[in-house]
Amino acid sequence: MYPEFKDPYWSLLAQVKRPSRYSGSEWAVNLKKAESERANADVKLSAGLLSSERRSQMLLFCLAFPDVYEIGMSYYGFQLLENLLNNLPNVLSDRVYCPWTDMETLLRKSSLPLVSVENKIPLNLFDAIGFTLQHELSYTNILTMLDLSCIPVRSSDRNSKDPLIIGGGVGAFVPGIISPFFDILCFGDGEEMLPELCSCIIETKGEKREARLDACSKIPGVYVPSIGLNTGVKVKRVFSYCMPPVPDSLIVPSASIVHDRAVVELFRGCSRGCRFCQAGMVTRPVRERKVEEVVEGVNSLIAKTGWEEAGLLSLASCDYTGIKQVLETLSENADKRGRFKISLPSLRMDAFSVELAAGMESVKRGSLTFAPEAGTQRLRDVINKGIKDEDIESSLMFAFSKGWSRIKLYFMMGLPTETEEDLEGIVEIAGRALRIARAQKNKRAEVSVSVAGFVPKAHTPFQWERQNSITELREKGRLIKGKNRNRSVTMNYHSPEQTFLEGVFARGDIRLADALEFAWRDGARFDNWTETFDLDRWNRAFERAQVDTLQYTGERNLSENFSWDFIDMGVTKDFLLRERNSAHSEKYTPGCKTACSGCGLQEHGCNLRGQGMENNDNAAL
């Protein structure tokens, strides 16, 4: 006979799309349940996991990712923090992901709370919940997860019994729009901030909520919106001066996810200085991991997890100074102990990158992806991409000569100073790629082009620029598609409506908080998914909140004080302004390895200064 399941969530799995999102049963999970200290065996839906005395000394911390399981499990930083927290004394960490709309409906209908993945604890019984803020269009999912957990969505409505709601990640660097919904926002690397923050939360247990938040606000990099700051005071971004250790293990999903592989981080930061790239600005300076540590990390994770593919992660993997040595060593190891694939998620469009890819069997089997970003040399200089026409030509020739038949190219439209000639250049590059393939006798060659709308991001040289309207982006997308006459070239462009909403949020402030809540209460969910996105809901919300969206997508005054200016990112506003001026002068700024451009981090220990980097764990500092 089959066992009788008492878990009320079990019966819901047969009624939802992809029940594997909620079933758990993963490998290499660090449950850290302290079995001998369980109060009893029937504590699945209570905080009775530990004795009351032990419970007062423990911190129950839930990591929350505001998107579905297969997206959250693919985000390496989430796994990194899970490993970090479970290795801290007196901390029990668990995870939760946003349920898809079908599961949300069932949970509400059944009056069941949202529970964590491993221990099945309702979220409102945790001491703290830490949200990863990676994308602006996931913000409504945060409110869904709080509401499903019986936690007031606004910080001002919570009391001492409610968990402390913490936010971190790139989204925290534009805190205005989300600040009413969070108790604490963290500016910087979790490895540096979380240990002290966790200790503070444990030490202040039993005190009033206001006193606990005040204590947390004294920690470097922590911002408590309800307390605010005195005029002129800045919160400094906290970052690690060297790479953290490679995790002992990673959680292996029981079902397929978007990036299903073991991951080792090569380095953080980027020395290139692309003017549109927020990640490249907010993660400076560059910090590299030792070659031996990368190799040992990959071999260990492959052996412990059973994954057959390892990803070498960074913003520009081919910029890693020891990349050749790492790939050669890993290839030798793979030959000795059984084949496993190696992938480089980010390749530059140059001969060196393609040559590296040519030696990697896993890349050759599929397509090769490049991001020229702009269709003409002039516009690539404007955005400081650092790719020449000859780089594009040589990369394509080399790729097709080595047997690739499918090339993916990523571009942006709506970039500052863009002209119709720049848009036509996108079509020209795609056509050139196909001509090169035909010259290489590659009759099966296909070229896929994806074009995304440019969104001006905070903390970048383009934070003052105007964003194209929905109509402009749609017209440009149609122009690009209309200019294409070759069936072997496919052209697609991203939804202008979603780009518009991302742009509103990307430079948003607290005036947008009401609109966010209005849209969520009107049913807005998973706004980064085309099947659930509905612009009409947002237009109603903006109208109700009396928000003029042009204030956020329009050109910003150069003397304007932004709502995020109180964050000291290390990269100065003066540097960003100089880079904006260089963009409008079509002037290219060499990367940090070539010459120091004085971004501000030279005052924080960065010593790249055009000297290159020694291959050690403190390379940039």
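Using DSSP, restrict attention to beta bridges with both residues in the chain and report what percent are antiparallel, rounded to the nearest 5. Within the chain, antiparallel bridges account for around 10 percent of the total. Under 19 Å of direct C-alpha separation, and excluding same-chain neighbours fewer than eight residues apart, K17 reaches these lysines: K109.
Residue separation times 0.36 nm, minus the C-alpha to C-alpha distance between D548 and D534: what's the value?
Difference between extended and current length: 3.2 nm.
Between L558 and S156, the FRET efficiency from the beta-carbon distance, with R0 = 41 Å, is close to 0.75. Globularity index of the range 362-507 is 1.07 (Cα radius of gyration / 2.2 N^0.38 Å, N = number of residues). Note down the net charge around Q463, summing +1 for each Lys or Arg and -1 for each Asp or Glu among other residues with Cβ under 12 Å from its Cβ. The answer is +2. With 24 Å as the limit on Cα-Cα distance, the pairs of K290/K324; K236/K385; K304/K341; K385/K443; K402/K476 that go past it are K236/K385; K385/K443; K402/K476.
Per residue, the convex hull spanned by the alpha carbons of the range 131-176 comes to 75 Å³. Multiplying the residue separation of E586 and N90 by 0.36 nm and removing their Cα-Cα distance gives an extension gain of 173.1 nm. Our summary gives the range 470-562 a relative contact order of 26 percent, counting only alpha carbon pairs under 8 angstrom and 6 or more residues apart. Averaged over its residues, the range 424-498 has an accessible area of 46 Å² per residue, based on protein heavy atoms and a 1.4 Å probe. Net charge of the neighbourhood of F352, taken over other residues with C-beta under 12 Å away and scored Lys/Arg +1, Asp/Glu -1, is -2.
The per residue volume of the convex hull around the alpha-carbon atoms of the range 86-152 is 98 Å³.
Descending by average beta-carbon neighbour count within 10 Å, the peptides 566-574, 264-272 line up as 264-272, 566-574, the highest first. Heavy atoms only, probe 1.4 Å: what % of the accessible area of the chain goes to carbon and sulfur, would you let me know? That fraction is 49 percent. For the range 169-229, the fraction of C-alpha pairs farther apart than 17 angstrom is 36 percent.
What number, in nm² with one decimal, is the all-direction average of the projected area of the convex hull of the alpha-carbon atoms of the range 398-479?
Seen from a random direction, the Cα hull of the range 398-479 projects 6.6 nm² on average.
In a reduced charge model with +1 at each Lys and Arg Cβ and -1 at each Asp and Glu Cβ, the chain shows a dipole moment near 1200 debye about its Cα centre.
Tell me the Kirkwood hydrodynamic radius of the chain in angstroms, computed as one over the mean inverse distance between distinct C-alpha pairs.
In the chain this quantity evaluates to 25.8 Å.
With contacts taken as Cα pairs under 8 Å and at least 6 residues apart, the chain reaches a relative contact order of 14 percent. Local charge for P66 was computed over the other residues whose Cβ lies under 13 Å away, with Lys and Arg +1 and Asp and Glu -1, and equals -3. With N counted as the residues of the range 558-610, its alpha-carbon radius of gyration over 2.2 N^0.38 Å works out to 1.24. Working note: Debye formula, equal point scatterers on the alpha-carbon atoms of the range 3-236, no solvent; log10 I(q)/I(0) at q = 0.07, 0.14, 0.18 Å⁻¹ is -0.21, -0.89, -1.53.
The values are calculated or read from the model by the stated rules, or taken from the named source; none is laboratory data. The structure presented is a predicted model; accordingly, all values stated were derived computationally and were not measured. Methodologically, a virtual Cβ is constructed for each residue, glycine included, from the backbone with ideal geometry; neighbour enumeration extends over all protein chains shown. Heavy atoms of the whole protein, side chains included, go into the accessibility calculation; ligands, DNA and RNA do not. Shrake-Rupley method; radii C 1.70, N 1.55, O 1.52, S 1.80 Å.
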